[in-house]
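Shown next, in structure tokens, is the structure this report addresses.
The values are calculated or read from the model by the stated rules, or taken from the named source; none is laboratory data. On a predicted model such as this, the values are computed, not experimentally measured, just so you know. Cβ sites come from the backbone with ideal geometry, for glycine too, and all protein chains shown count toward neighbours.
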Amino acid sequence: MIEINIAKEFGIETGARTYADGPKSGEEFFDKLLKPRYEQAKAEGKQLRVILDGTEGLASSFLNESFGRLGKAFGAEDLRNRLVLISNEMPKYIVKIQEAIDESDTR
Amino acid sequence: MKAILDRIFPYSIAFLIGVLVCYFFTQIEYLEIDTKVSVPDFIVSVISIGIGIYLAVVIQRRQSHSQNHYNYLLSKLDLNWAAYNTFYEGISHRSSIELRELNPFVKQFQIRNNDLNRLFDPIMVSNNLDILIDELEDIFLKSPKQNNVIDFSSSKTEIEKKGKKISKEFVRVYNEINKKC
């Protein structure tokens, strides 16, 4: 299984939606970590585990942008089978990500 | 074992004294005490005192359990209420906020609120604070941002409205705890 630990690999303080909003945005996270790791997981036929715990908090716009883009790029169905989300501190993040993925399907 | 005996001993003595007092009082007839021992009366006295003690212990336990639960819920709610007030007072005289300030507030608030909801569920206390805080976060996040600093000057009225709604919800939850506990 391929893994991303946002707090350790991207930072405990994250930004908002796009590059224009400032550093450590959801768009930056998608480009630098989420997309490449997802592609790697897909190429190797593995799952991608994303650990959301340990940050100072993730803005809804950060989650929406990064995972929405992932859903748009690879399709919600593919994500449902390959993406494993870990959020013990804030289970609500998982709900928000699922909503973003579902919305990306209808965009 | 000794600790148990130590605890039981005073109760047993009090129980026996209670039985004797109860018994002798049942024997008073026109201010004359009948010194003959009546076995059925004695048994009735023992049973009455036993039931009395049992009821007293059960009621006391229930009362203190419910009081502890109530105090615990209020302390948890107070913690979140205080955190919210500090945050709200902090932004009320400003027109911008850094994401590094907003994100931890929202996360910590929701974590504490999740814990509260676990306690609220069994006693059927409804709580919409999580939804309201999400809506407040959305207002901030929709405002213009630069270098992770949110300029909410154009959304101040909306934020004030939401702030008042959140305060009202705190009061409503507080009153509901008072009613249910």
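The set of residues from the stretch A:73-90 being assigned to a helix (DSSP H, G or I) and farther than 23 Å from A:Pro23 by Cβ comprises A:Phe74, A:Ala76, A:Glu77, A:Asp78, A:Leu79, A:Arg80, A:Asn81, A:Arg82.
Residues of the stretch A:38-52 that are more than 13 Å from every other protein chain (Cβ to nearest Cβ) and either surrounded by 19 or more Cβ atoms within 10 Å (Cβ to Cβ) or of a type in the set (Phe, Trp, Tyr) (or both): A:Tyr38, A:Ala41, A:Leu48, A:Val50. Look at (1) more than 14 Å from chain B (Cβ to nearest Cβ); (2) closer than 27 Å to B:Ser96 by Cβ; (3) in contact with a strand residue (DSSP E or B) (Cβ under 9 Å, 6 or more places away or on another chain) and you find that A:Asp21 fails only one, number (1). Kindly indicate whether any position in the stretch A:88-101 is farther than 20 Å from B:Ile111 by Cα and more than 14 Å from chain B (Cβ to nearest Cβ). Checked against the condition, which is being farther than 20 Å from B:Ile111 by Cα and more than 14 Å from chain B (Cβ to nearest Cβ), the stretch A:88-101 yields at least one hit.
Does the stretch A:47-64 contain any residue that is at pLDDT below 95 and of a type in the set (Gly, Ala, Ser)? Show your work before the answer.
Step one: list which residues in the stretch A:47-64 are at pLDDT below 95, which gives none.
Taking every residue of the stretch A:47-64 in turn, none turns out to be at pLDDT below 95 and of a type in the set (Gly, Ala, Ser).
Within the stretch A:78-86, does at least one residue satisfy the condition of being among the aliphatic types (A, V, I, L, M) and within 14 Å of chain B (Cβ to nearest Cβ)? So far as the stretch A:78-86 goes, no, none of its residues is among the aliphatic types (A, V, I, L, M) and within 14 Å of chain B (Cβ to nearest Cβ). Checking the stated criteria, B:Gln63 turns out not to satisfy the condition of being out of contact with any strand residue (DSSP E or B) (no Cβ under 8 Å at 6 or more places or on another chain) and within 24 Å of A:Asn88 (Cα to Cα).
Given the condition more than 14 Å from chain B (Cβ to nearest Cβ) and surrounded by fewer than 17 Cβ atoms within 10 Å (Cβ to Cβ), answer yes or no: does some residue in the stretch A:53-69 qualify? No - not one qualifying residue is present in the stretch A:53-69. Reported count of residues in the stretch A:2-43, each being under 16 Å from B:Asn103 (Cα atoms), touching a residue at least 12 places away in the same chain (Cβ under 8 Å) and small (Gly, Ala, Ser), is 6. The selection criterion, being under 30 Å from B:Asn127 (Cα atoms) and at pLDDT below 85, does not hold for B:Leu77.
Would you mind telling me which numbered condition in (1) within 13 Å of the chain's Cα centre (by Cα); (2) small (Gly, Ala, Ser); (3) away from chain B (no Cβ under 12 Å) A:Gly75 fails? The number of the failed condition is (1).
Checked against (1) out of contact with any Pro (no Cβ under 8 Å at 6 or more places or on another chain); (2) modelled with pLDDT of 75 or more, B:Ile33 meets all criteria but (2).
For the stretch B:130-181, which positions are of a type in the set (A, V, I, L, M) and either assigned to a helix (DSSP H, G or I) or free of Cβ contacts under 8 Å to residues at least 24 places away in the same chain (or both)? Full working, then the answer.
Restricting attention to the stretch B:130-181, the residues satisfying the condition of being of a type in the set (A, V, I, L, M) are B:131-133, B:136, B:139, B:141, B:149-150, B:159, B:166, B:171, B:173, B:177.
Those that are of a type in the set (A, V, I, L, M) and either assigned to a helix (DSSP H, G or I) or free of Cβ contacts under 8 Å to residues at least 24 places away in the same chain (or both): B:Ile131, B:Leu132, B:Ile133, B:Leu136, B:Ile139, B:Leu141, B:Ile159, B:Ile166, B:Val171, B:Val173, B:Ile177.
Could you list, in sequence order, the residues of the stretch B:98-129 that are free of Cβ contacts under 8 Å to residues at least 40 places away in the same chain and more than 9 Å from chain A (Cβ to nearest Cβ)?
B:Glu101, B:Phe109, B:Arg112, B:Asn113, B:Asp115, B:Asn117, B:Arg118, B:Asp121, B:Pro122
All conditions but one from (1) closer than 21 Å to A:Phe62 by Cβ; (2) more than 14 Å from every other protein chain (Cβ to nearest Cβ) apply to B:Phe140; the one that does not is (2). Checked across the stretch A:44-58, the condition of being over 29 Å from B:Ile139 (Cα atoms), of a type in the set (Asp, Glu) and assigned to a helix (DSSP H, G or I) holds for no residue.
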